[in-house]
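J.: Pasting a structure below so you can have a look.
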Amino acid sequence: MAVARPVRVLGLAAVMIWIFFIYSLFNGKGQPPNLKGKTPPSFEHDPMLDPTGEPEGPLHRASELYAPGIQNSARINATLLSLVRNEELEGMLQAMRDLERTWNHKFNYPWTFFNDVPFTEEFKKRTQEVTKAQCNYELIPKEHWEVPSWINNDLFLESTKVLKEQGIQYADKISYHQMCRWNSGMFYKHPALANTQYYWRVEPKVHFFCDVDYDVFRYMQDNNKTYGFTINLYDAPKSIPKLWPTTLEFLAEHAGYLHENNALDWLTDKVRRPEHNEKANGYSTCHFWSNFEIGDMNFWRSKAYEDYFNHLDRAGGFFYERWGDAPVHSIALGLFEDKSRIHWFRDIGYQHIPFFNCPNSPKCKGCVTGRFTDGESFLYKEDCRPNWFKYVGQG
């Protein structure tokens, strides 16, 4: 029986609509809901889906030499470090319990807490109850936290209005700007850290998912690593439009600080997200998400970094824009350090909402292997790991 022409037309239209729907779903502009936790279509290959073991090189295991409070222990000169408010106690306890359970109960490295106001007795008591390791509670000196004298308050207020209109989060919170500046160039100058070399930054409410059975600080030392990260993201270019031009001004005067084995390609890539490079005036905006970082403070104390930070600080961008410690640290590492000394801790399961580092390992529980985010699908485009793997590798 012949099909009437109007029916044929409707059938053809339905087929075309279905084809368009399938194309829109899978053409890389978005991620279908059932792909959450899996490799997004635009990602060449996510190495987190591959079996993950411990890093190569000498590894130091837990032993009685790591018992709490003993003299001549196997611990090296390092601390777990947190900038935290009294009112963030519950979130800090949760993060501590995670890291103590997965790693520090085996090695008992000290915790060092910083605050711009004195810690309460409740904060001290409850945090010390979570760990057998020593806890230190430190007050930030006013001169390290206060807004510098060269910052014009009227200009700051006008600048925050512009940033807020552009949707930049925390732009109008002076304490956020102070925090970014302190994390960028002040924390390692605190007297309590004067004789400390390595640190592991831990923030409230973060999660750790995987058992780590080696001393990560000894790994950094033995393998000549300067910096360790888990998550690598794009920044909001409207928050840092003058950061890269200000950096280029510095490089023009200090070309000798540029390391011959730098990660400049990673910092200036304009292929993957060209609009970011354009809005940030030549900077890809790729950065290590510094709510997790394991670092050697000798790098921050170097003349190259001190000169760089002072140049940025005088430019005022920590207040007139919203320069964060993550892009500042990342740019400095990418320019002034040997990129082979920067290590991706792919075996450490980690979450800071809304992003994950979740390895394919039997040592991990509580996160989905390879999941980058449990947020909206558009967040997948914030992942800058492909650029790091492209230009540097997975070491």
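The numbers here are math on the coordinates, done by the rules we state, and not lab data. Values in this document were obtained by computation on a predicted structure and should not be read as measured data. Counting neighbours? That spans all protein chains shown, and the Cβs are built from the backbone with ideal geometry, glycine included.
J.: Return, in residue-number order, each cysteine of the chain whose C-beta is not under 4.7 Å from any other cysteine's C-beta.
T.: When partners are defined as cysteine Cβ atoms under 4.7 Å apart, the chain leaves Cys135, Cys180 without one.
J.: Name the residue, out of Asn224, Asn183, Asn357, whose mean-square fluctuation peaks in a Gaussian network model built on the chain with Cα pairs under 10 Å.
T.: Greatest mean-square fluctuation among the candidates belongs to Asn224.
J.: Run the simple label-point estimate for Glu275 and Leu139 please: 7 Å along Cα→C-beta, distance reported in nm.
T.: 4.8
J.: In nm, give the distance between the simple-model label positions of Ser149 and Asp307, each being 7 Å from the Cα along the Cα-to-Cβ direction.
T.: 2.5
J.: How large are Rg and Dmax for the stretch 191-281 when only the alpha carbon atoms are used, in Å?
T.: Cα only, the stretch 191-281: 17.6, 46 Å (Rg, Dmax).
J.: Same structure, new question: Round to a whole angstrom and tell me the spacing of the C-alpha centers of the stretch 282-357 and the stretch 264-281.
T.: Taking the Cα centre of each part, the stretch 282-357 and the stretch 264-281 sit 17 Å apart.
J.: What whole-number distance in Å separates the alpha-carbon centres of the stretch 60-126 and the stretch 161-237?
T.: Result: 16 Å between the Cα centres.
J.: As a check on your grasp of the helix formula, calculate [θ] at 222 nm for the chain: sum -39500 (n - 2.57) over DSSP H runs of n ≥ 4, divide by the residue count, round to the nearest 500. Mind showing how you got there, number by number?
T.: Numbers: 15 runs with 141 residues, N = 395.
Computed ellipticity for the chain at 222 nm equals -10000 deg cm²/dmol.
J.: Further question on the same structure: Run down the aspartates and glutamates and flag those whose C-alpha is under 16 Å from the C-alpha of Lys242, throwing out any fewer than 8 positions away in its chain.
T.: List returned: Glu275, Glu278, Asp313, Glu321, Asp325.
J.: Order 148-160, 85-97 from most to least packed using the mean count of other Cβ atoms within 10 Å.
T.: For the peptides 148-160, 85-97, the packing ranking is 85-97, 148-160.
J.: Return the tail of the calculated pair distribution for the chain, meaning the percent of Cα-Cα pairs more than 30 Å apart.
T.: Pairs farther apart than 30 Å: 44 percent.
J.: Could you work out how far helix 325-336 tilts from the main Cα principal axis of the chain, as a 0 to 90 degree angle to the nearest 10?
T.: Rounded to the nearest ten degrees, it is 80.
J.: Another question, if that's okay. Per 10 Å bin from zero, what fraction in whole % of the C-alpha pairs of the stretch 128-209 is there, up to the bin with the longest pair?
T.: In order of increasing distance, the bins hold 13, 35, 30, 17, 4 percent.
J.: Let me ask another. Where does the stretch 100-158 land on Rg(C-alpha)/(2.2 N^0.38 Å)?
T.: 1.67
J.: Compute the angle between helix 153-165 and the longest alpha-carbon principal axis of the chain, please, reported from 0 to 90 degrees and rounded to the nearest 10.
T.: It works out to around 30 degrees.
J.: Among the listed pairs Lys205/Lys270; Lys189/Lys225; Lys142/Lys303, which have their C-alpha atoms separated by more than 30 angstrom in this model? Spell out each step's value before the answer.
T.: Working: Lys205/Lys270 34 Å; Lys189/Lys225 21 Å; Lys142/Lys303 24 Å.
Over 30 Å apart, Cα to Cα: Lys205/Lys270.
J.: Please identify every one of the GluC sites (Glu not before Pro) in the stretch 187-287 that sits in a loop by DSSP and has no more than 13 other beta carbons within 10 Å of its own beta carbon.
T.: Hits after loop and neighbour filter: Glu260.
J.: Right, another one. In Å³ and rounded to a whole number, note down the convex hull volume per residue for the Cα atoms of the stretch 246-395.
T.: Output value, Cα hull per residue: 128 Å³.
J.: Let me ask something additional. Of the beta bridges DSSP finds with both residues in the stretch 63-391, what % are antiparallel, to the nearest 5?
T.: Taking every DSSP beta bridge within the stretch 63-391, about 50 percent pair in antiparallel fashion.
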